[in-house]
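No lab work stands behind these numbers, since they all come straight from the coordinates. Here the structure is a predicted model, which means the values were calculated and not measured. Cβ atoms come from the backbone with ideal geometry, glycine included; neighbour counts cover every protein chain shown.
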Amino acid sequence: MELDLQRFDLDLVDPLRTADGVIESRSGFLVRLRTENRRGLGEATPLPGWTESLEECTEALDRAQDLIGLRGPDPTLAEIADAPAARHGLALALADLRARRLDVPLVRQLGGGSRSRSRRLRVNATIGDGSIAETVEAAERAVAAGFDCLKIKIGAQSLEADLDRIGAVRNAVGPGPQLRADANEAWDRSTAEAALDGLAEFDVSYVEQPLAAGDLVGHAKLRGGAVDVALDESVATADLDRLLDVEAADVIVCKPMVLGGPDKTVGLARRVRKQGVQPVISTTVDAVVGRLGAVHVAGALAPIGACGLATGDRFAEDLGPDPAPVIDGTIAIPRGAGTGLQLAEE
């Protein structure tokens, strides 16, 4: 078994502005795991602040290259567990390889039932920070394209400005579409309380990460109102047992690249679901290989609410053709073996 790495750098069509900063491009590795007659594809695209740095990811993947022929894939995964993006790349490649050996879609390899092969997954449109006019225009375009769930980035501006933006979107799109808001740790407790009260007027379903990632008690105190509390950054940094013990979230956003692979993501999502917490699968604005892995993860957990998988159109160019495009606000799980992706050089 051999591990090949191909570095890539992909620009976004437009910068994605959030309370955490601006994302203009994504850099990482296409991970190929080869045997004599099969290959699996994975992607390692770190996002510092969420995962290890690109330098740390490179070092972990270099170690994996040295180890995999000697120790095999599973022990190698354990050796790079401290680098979640690198582990994701290898774990996805391994899962893709194993699914291709069985000639089944990856969703089946991850434990999805036979019905999941024909499911279409609802996905949300993500709308970055901007002026009222820019935000409304993006929301109207998304609804016209068939999206019935919109996630709007907030927290970079004042609370008053953000409430005006959300209110303008609700007035523009009407009562039908579900609205979500993502604050990316922007607020203190008092601001967050005021924000949830204000957002309730516009029927916002949940607010993602209103407080700092470590403030689990604060998040728990925000729960119980008309607007649910979702945790994202906390999932990457906090102890899951404590997160569940203090009942800090109504919703947990699960990003395979952050959690270390599709296997770990499915396991975590099933665990939180048993505790009455809703999982939502999302990405870290990944290229097509990572997005497809997340699509199959969401499929393995179906039925599931709208997921954050509609990010392919943000790339000026991608690693290959996407076999799971967004159509009318949904994505069909590819039916081919593995992820369903076939690159030109394969």
### Summary
GluC sites (Glu not before Pro) in region 217-321 lying in a DSSP loop, each with at most 13 other Cβ atoms within 10 Å of its Cβ, come to Glu317
### Message
Let me understand region 85-238 better: what is its radius of gyration from the alpha carbons, and its Dmax, in angstrom?
### Response
18.6, 55
### Summary
For Asp228, other-chain or 5+-apart residues with amide H closer than 5 Å (H placed, Pro excluded) are Tyr206, Val207
### Task
Give me His219, His296, His88 ranked fewest to most by other Cβ atoms within 10 Å of their Cβ, as a rough exposure proxy.
His219, His296, His88
### Task
Quick one: order Thr35, Thr126, Thr265 by neighbouring beta-carbon count within 10 Å, fewest to most.
Thr35, Thr126, Thr265
### Message
Need one number: convex hull volume per residue for region 1-53, Cα atoms only, in Å³.
### Response
86
### Message
Looking at region 287-346, I'd like the Rg to Rh ratio, where Rg is from alpha-carbon atoms and Rh is Kirkwood's inverse mean 1/r.
### Response
0.94
### Query
Where a Cα-Cα gap under 16 Å defines reach, which lysines qualify for Lys274, not counting those fewer than 8 residues away within the same chain?
Lys264
### Query
Given R₀ = 45 Å, FRET efficiency for Ala161-Leu102 by Cβ-Cβ distance, to 0.05?
0.30
### Query
In whole angstrom, how long is each semi-axis of the equivalent ellipsoid of region 130-180, when you take the square root of 5 times every eigenvalue of its Cα gyration tensor and sort them from largest down?
18, 10, 9
### Message
What's the whole-number percent of alpha carbon pairs in region 147-292 lying beyond 23 angstrom?
### Response
35
### Summary
Once the in-chain neighbours fewer than 8 apart are removed, the lysines whose Cα is under 24 Å from Lys151 read Lys221, Lys255
### Task
Kindly put Phe202, Phe147 in sequence by how many other C-beta atoms sit within 10 Å of each C-beta, fewest to most.
Phe202, Phe147
### Query
If you build the Cα gyration tensor of region 2-103 and take the root of 5 times each eigenvalue, what three semi-axes come out, in whole angstrom, biggest first?
27, 15, 11
### Query
Quick one, which of [x] 22.3, 71; [y] 19.7, 68; [z] 19.5, 61 is the actual Rg and Dmax of the Cα atoms in Å calculated for this model?
[z]
#### Entry: Reference-scaled alpha-carbon Rg (2.2 N^0.38 Å with N residues) for region 257-316
1.10
## Note on the structure
Between the alpha carbon centres of region 60-101 and region 20-52 the gap in Å comes to 12
#### Entry: Rg to Rh quotient for region 211-325, alpha carbon positions, Kirkwood Rh
1.00
### Query
Counting only DSSP beta bridges with both residues in the chain, what percent are antiparallel, rounded to the nearest 5?
50
